[in-house]
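Each remark here refers to the structure printed beneath this line.
The values are calculated or read from the model by the stated rules, or taken from the named source; none is laboratory data. As the structure is a prediction and not an experimental result, all values here were calculated from the model. Cβ: placed from backbone, ideal geometry, glycine included. Neighbour counts: every protein chain shown.
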Amino acid sequence: MTGYEIFWPSVAHAVLVFLLYGLLGWRRARAVRSGLVDQQAFRENRAEPADSLVVKNSLANQFELPVLFHVVCVLLYITESDNIATLGLASLFVFSRYAHAYVHVTSNRLAYRSPLFAIGFVLLAILWIWLAAWMALS
């Protein structure tokens, strides 16, 4: 690879985070307009409606495992160990995050969500193993 290709999956993940923030705001505003909750309920966030709670939880998930993803992308670039395989793995990881978030904010069925999380977890572990192997052999 010749450029910054490894960072495109990071950009794609950032887009997911921004989309989830937008969805969260939209669902909260809808809850306030419908009278389901008073706007002040979000001040300390103790009465999150179920419809927006799933989005809030999905958004929180984007700052857990994906933090390790962004770090590994930077380290792959710095160590020049990024290649088409790592780009593919990184892209698949982000795809798994999109799929996981979609399930989370729609049906929220663990039967679908858990395997998607596991796929992303394994893909991320492979990226870290690749990085460790590259550094050990360099």
Long-range neighbours under 9 Å by Cβ, at least six apart or interchain, first residue touching a residue at least 60 places away in the same chain (Cβ under 8 Å) and crowded, with 18+ Cβ neighbours inside 10 Å within the range 58-78, second in a loop (DSSP other than H, G, I, E, B) and not aromatic (Phe, Trp, Tyr) | 73/82; 76/82; 76/83
Residue among 102, 112 that is free of Cβ contacts under 8 Å to residues at least 40 places away in the same chain, surrounded by 15 or more Cβ atoms within 10 Å (Cβ to Cβ) and under 21 Å from residue 18 (Cβ atoms) = 102
Would you please name the residue that is nearest to residue 113 (Cα to Cα), looking only at residues in the range 83-92 that are in contact (Cβ under 8 Å) with a residue 24 or more places away in the chain, in a helix (DSSP H, G or I) and of a type outside the set (A, V, I, L, M)?
-> 91
Expected single match for within 18 Å of residue 12 (Cα to Cα), in contact with an Asp or Glu (Cβ under 6 Å, 6 or more places away or on another chain) and either of a type outside the set (Gly, Ala, Ser) or modelled with pLDDT of 95 or more (or both) among 87, 124 is 87
Tally the residues that are surrounded by 11 or more Cβ atoms within 10 Å (Cβ to Cβ) and assigned to a loop (DSSP other than H, G, I, E, B), restricting the search to the range 46-55.
-> 3
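Here is a yes/no grid of residues against (1) over 16 Å from the mean Cα position of the chain (by Cα); (2) of a type in the set (Gly, Ala, Ser); (3) within 14 Å of residue 66 (Cα to Cα):
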site: 90; (1), (2), (3): no, yes, yes
site: 97; (1), (2), (3): no, no, yes
site: 102; (1), (2), (3): no, no, no
site: 105; (1), (2), (3): no, no, no
site: 115; (1), (2), (3): no, no, no
site: 121; (1), (2), (3): no, no, yes
site: 124; (1), (2), (3): no, no, yes
site: 131; (1), (2), (3): yes, no, no
site: 136; (1), (2), (3): yes, yes, no
Is it the case that some residue within the range 119-133 is small (Gly, Ala, Ser) and touching a residue at least 60 places away in the same chain (Cβ under 8 Å)?
-> no
State all residues of the range 55-98 that are touching a Pro at 6+ places or on another chain (Cβ under 6 Å) and of a type in the set (Gly, Ala, Ser); if no residue qualifies, say none.
-> 90, 91
Among the residues of the range 56-82 satisfying the criterion of being assigned to a helix (DSSP H, G or I) and among the hydroxyl-bearing types (Ser, Thr, Tyr), which is nearest to residue 121 (Cα to Cα)?
-> 58
